[in-house]
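Participant: One structure, as C-alpha cells, below. Some questions next.
Coordinate-derived values only; no laboratory data. Here the structure is a predicted model, which means the values were calculated and not measured. Ideal geometry is used to build each Cβ from the backbone, glycine not excepted, and the neighbour counts take in all protein chains shown.
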Amino acid sequence: MADLLDLESDNPFRSRSFRSGARALEGLEGDLSKLVEAGELTSVKGVGESIAGIIVDLVTTGETARLEELHAAVPAGVRAMLDVPGLGPKKIRVIWKDMGLDDLDALTEACSEGRLGSFKGFGPRTEEKILQGIDYIRSVSGMFLRAECEQVVAELLEYMKGCAAVRRVEIAGSYRRAKEVMKDLDLVVSTADPAAVVDHICAWDEEAEIIARGESKTSLRCPGGLGVDFRMVEEFQLPFALCHFTGSKEHNTALRALAKKQGLKLNEYGIFRGDELIECASEEDIHRVLGLDFIHPELRENFGEVEQAADSSLPELVGEKDIRGLVHLHTEYSDGEASIEQMVDAARDQGLSYMGVTDHSQSAFYAGGLKPADVKRQHEEIDRLNASLKDFRIFKGIESDILADGSLDYEDSVLERFDFVIASLHSSFNQPLEEMTERVLRAISNPYTTMLGHVTTRLLLRRDGVALDMERVLSAAAEEGVVVEINANPRRLDLDWRHGPRARELGVLTSVNPDAHTIAGVADIRFGVGIARKAGFEAERVVNTLDAASFGKFISKRRG
DNA sequence: GCCGTTTTCGGCCCGACTGTTTTCAGTCG
C-alpha cells in the first residue's frame, strides 16, 4: 500500500507511515489476531487509528477497501516503474498523469522516440537512463547472494590497497551486516587526495560501468550487475562514515534520533554538539558518546539492538572460532560427492573435532536416500573409522524427511539406531499454513527428532519458503528442546535471522550446519555463523560449539 | 498518517549526485 500511495498521493509522509507501520508488524512477535481481538493494535508504535482499521479489515476479512481503491487507481504497469533505477514517485506521476503512459512498454517506446524531452525536468539523458534502467530490471533480478559478492569484495579491497592515495579502506553496507542477499556493495575509503582515489576506482575494470563520479561518492556497476558505491572521506571521518554506511537505514535513523535527543547531530562526517566535532577514533567511541555499548555490525537492523546497547543487554555473539563440530553433511551414500573419510579430513582441516553424518532418508528417492540395509552398512563403516580415529569422533545421524502427515521416514526400530536425527521438509511444500504447521509440530514432538533442518526450505532468490506459523514452531522447539538449525548453505540461511530476537526470548537452541554435499561445502559454515550472529545467538545456544563429549551427551539426553 | 519530557499542531534524518536548470528538484542510500 505504501508503494501505491507514493504514486497516488502527493503526501510522502503518508506512504512513509504505511511503510513504518508494515515494518512494525513484521517485527511484531506474538499473535497478531489476539492484538486485533483485544483492540490494542494502536499500542504498536507506528500503527495509528487509520492503519489499525486497515489491519483489522485484513485480518478479519482478508480485504480492505482502501487497498482496492489504490489498486483501481494505480495501474500495475505504473507501479512496476518504481523498480526502474532513477525513477521515483515524482517522475512516475508526471509520466503517468501528464504523458499518459501506464506501463513499461509504453514508457520504453516513448523514450526511444524522444517524446519525454518536452516535459519539465526530463531531457535526453533521462530518457537514456530510463531505457537502461528498464533493460537492467528486465535482465537481472538485481539481488545477489552474499556468496556471489565475496570474491568481488576481496578483489576490490586488495585493489584499493594498491592505491598510494588510499589511507584505509573498509567494506560497509549490508555485506558488513552479514545480510543473506544484497543489491550493492559499499566501500568506505579514507584519503587526503580523493581525486586520485576516484581515478584509481574508475580504472579498476573497463567492463564496469561508471554510474556516478564524484570526490565524495563514486559508483560502479560490475558486469554482472552488482553495484559498488565508494565513499571518500578524510582520515578523522572514517569511523563516522563506516558507521553511517554500514547502516541499516533503520538503525541509522534510530541512532540519529538518539543523538538528537541528547542535543547532538550525527551524520557520516561526525558527531557534533553545535558546530563542534566530538572526535572519535573508532565506532566504539561513537557508540560510547551516545551512551551505548558497542553494537556489532551484524546486529544493526533496528531490531532492538539500540535499546539493548543502552541498557547493556546485548548478546555475546557466537564466533567462527567457537564452532567445534560439523553437523549435517552428505556423503556418497546418498547425494554427497565425497566419502565419509574425505569429509573427516575436510572437517579436520577446518579445525573441527567431530562430525555428524546425515545422509538422506529412504523417501528421498531423488537424492538416493538410505534404505535400512544402507543404514546398517554405513554404521559399520562409521564404527570402523571411529575405532581408528584419534581426537575425532563421527556421530551417526540421518536427515529424515518429514512426511506429509508429520511422521518421520523410518520405523522406530531404524530411528533408534541413529545417534541423532535432523528432521527436514523435502516434499509437499504447498500445504496451507495450518496443515504445514501441524505437520512440523508433529515432527518436533517426535522423541527421535534432535533438530529441525532448513525449517522453511526457502531458496534465496529462487523460491519462498513454505507457509509456517513460526511463533508456534519456535515455541514448540524451545519447549521440547529440539534444535532449530541455521542451515549455512548460502542459498538457504534458514532459520531466517529475523526470528532471532524471538528465538532469544524463548531460549531456542540452534546448530550452525553447512549441509555440505562436497568437501568445499564444509567451509559454508562461515555464512551460517554470520547469520547466527545476526540473529543474536550466543555460543551457549549453539550446540555445535560443544566439544565432542558434551555434544554426544546433549543428543542422547533428548531420547530420555 | 503518526506522534508528543518543547508540542494535540506541525513537524517528520540528512547529504551527495545527476540532469535540468540558472538555483533546484528528484532520486538514492
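Participant: Counting only DSSP beta bridges with both residues in chain A, what percent are antiparallel, rounded to the nearest 5?
Facilitator: 45
Participant: For the Cα atoms of chain A, what angle does the longest principal axis make with the long axis of helix A:433-445, in degrees from 0 to 90, nearest 10?
Facilitator: 40
Participant: Summing Lys, Arg as +1 and Asp, Glu as -1, what charge do residues with Cβ under 15 Å from the Cβ of A:E49 carry, A:E49 excluded?
Facilitator: Working: positive: A:R14, A:K45, A:R66; negative: A:E40, A:D57.
Local net charge: +1.
Participant: Next up: Taking the mean number of other Cβ atoms within 10 Å as a proxy for protection, how do you rank A:371-378, A:5-12 from highest to lowest?
Facilitator: A:5-12, A:371-378
Participant: Could you put A:S475, A:S112 in order, starting from the residue whose Cβ has the fewest other Cβ atoms within 10 Å? The partial results should precede the final answer.
Facilitator: Numbers: A:S475 16, A:S112 10.
Listing A:S475, A:S112 from fewest to most nearby Cβ atoms yields A:S112, A:S475.
Participant: Then there's this: If you count, for each residue, the other Cβ atoms within 10 Å and average over each peptide, how do A:313-326, A:445-458 line up from highest to lowest?
Facilitator: Values: A:313-326: 18.0, A:445-458: 22.1.
Highest-to-lowest ranking by the protection proxy: A:445-458, A:313-326.
Participant: If you fit an axis through the alpha-carbon atoms of helix A:12-26 and take the longest principal axis of the Cα set of chain A, what angle between them do you get, 0 to 90°, nearest 10?
Facilitator: Here the helix axis deviates by roughly 10 degrees.
Participant: A further question on this structure: If I stretch the segment between A:E68 and A:A523 completely, what's the gain in nm (0.36 nm per residue apart, minus their alpha carbon distance), one decimal?
Facilitator: Gain on extension, A:E68 to A:A523, equals 158.9 nm.
Participant: Arranged by the count of other C-beta atoms within 10 angstrom, fewest first, what order do A:R558, A:R231 take?
Facilitator: A:R558, A:R231
Participant: Relative to the longest principal Cα axis of chain A, at what angle does helix A:372-388 sit, 0 to 90 degrees, rounded to 10?
Facilitator: Orientation of helix A:372-388: about 90 degrees from the principal axis.
Participant: Also, quick follow-up: In straight Cα distance, which lysines are under 18 Å from A:K321, not counting same-chain residues fewer than 8 positions off?
Facilitator: A:K534
Participant: Something else about it: Going by average Cβ density within 10 Å per residue, which order do the peptides A:509-515, A:79-85 take, highest to lowest?
Facilitator: Highest to lowest by the protection proxy: A:509-515, A:79-85.
Participant: Just to be sure I understand the model, the point goes 7 Å from the Cα along the line to the Cβ. What's the resulting A:V153 to A:E49 distance in nm?
Facilitator: Going by the 7 Å Cα→Cβ label model, 4.7 nm.
Participant: Separate question: Say each of A:E337 and A:A404 gets a label point 7 Å from the Cα, pointing the same way as Cα to Cβ; how far apart are those two points in nm?
Facilitator: If labels sit at A:E337 and A:A404, their model points lie 3.4 nm apart.
Participant: If you don't mind, another one. Around A:D10, what is the net charge, scoring Lys/Arg as +1 and Asp/Glu as -1 over all other residues with Cβ under 11 Å from its Cβ?
Facilitator: That works out to +2.
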